Amino acid sequence: MSARKMKTLLLQLSAAIALLHLTSCSCAVMGETYAPVSGSRKITPAMLDQFAKESDFRKKSETAYRRGWVNLSYNTEISGMGLNGSFCSLPHELLLSSPSEVFRDVSDARREAEAWFGRKGIRLREVTSPATRPE
């Protein structure tokens, strides 16, 4: 094999590796975990599933959902739920989104969850602190 063909092959291989690495990266912008307030009913996986369906989240696994930039999941340790906003760092997604947009989407999902579970008699308390609001 000639040196030129070898150089071209190595360049193509390097580009493929970089692309695979890039597509596997993500950037968590905001994450929150919520548990029922003491004395309140526990959140069950079935309840979270119902909330997810009614709020247009797409099911990713048995207890994980996604809507836009927002991930919703069941936390078995505290009978609660986790909300986080993340996006893959693909160039077109970085151009079409911003940390502020992800923050807003997660905040909207949190308000929806608080209202939905509130109608079921479950008040939520934040277990983890959100990331600092992006400007």
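The values are calculated or read from the model by the stated rules, or taken from the named source; none is laboratory data. Being a predicted model, the structure only gives us computed values, none of them experimental. Cβ sites come from the backbone with ideal geometry, for glycine too, and all protein chains shown count toward neighbours.
Screening Met1 against (1) at pLDDT below 90; (2) in a helix (DSSP H, G or I) leaves a single unmet condition, (2). Scanning region 22-73 for residues that are part of a loop (DSSP other than H, G, I, E, B), hydroxyl-bearing (Ser, Thr, Tyr) and either touching a helix residue (DSSP H, G or I) at 6+ places or on another chain (Cβ under 8 Å) or at pLDDT below 90 (or both) yields a total of 4.
Looking only at residues that are surrounded by fewer than 17 Cβ atoms within 10 Å (Cβ to Cβ) and among the small types (Gly, Ala, Ser) in region 80-130, which one is modelled with the highest pLDDT? The selected residue is Ala115.
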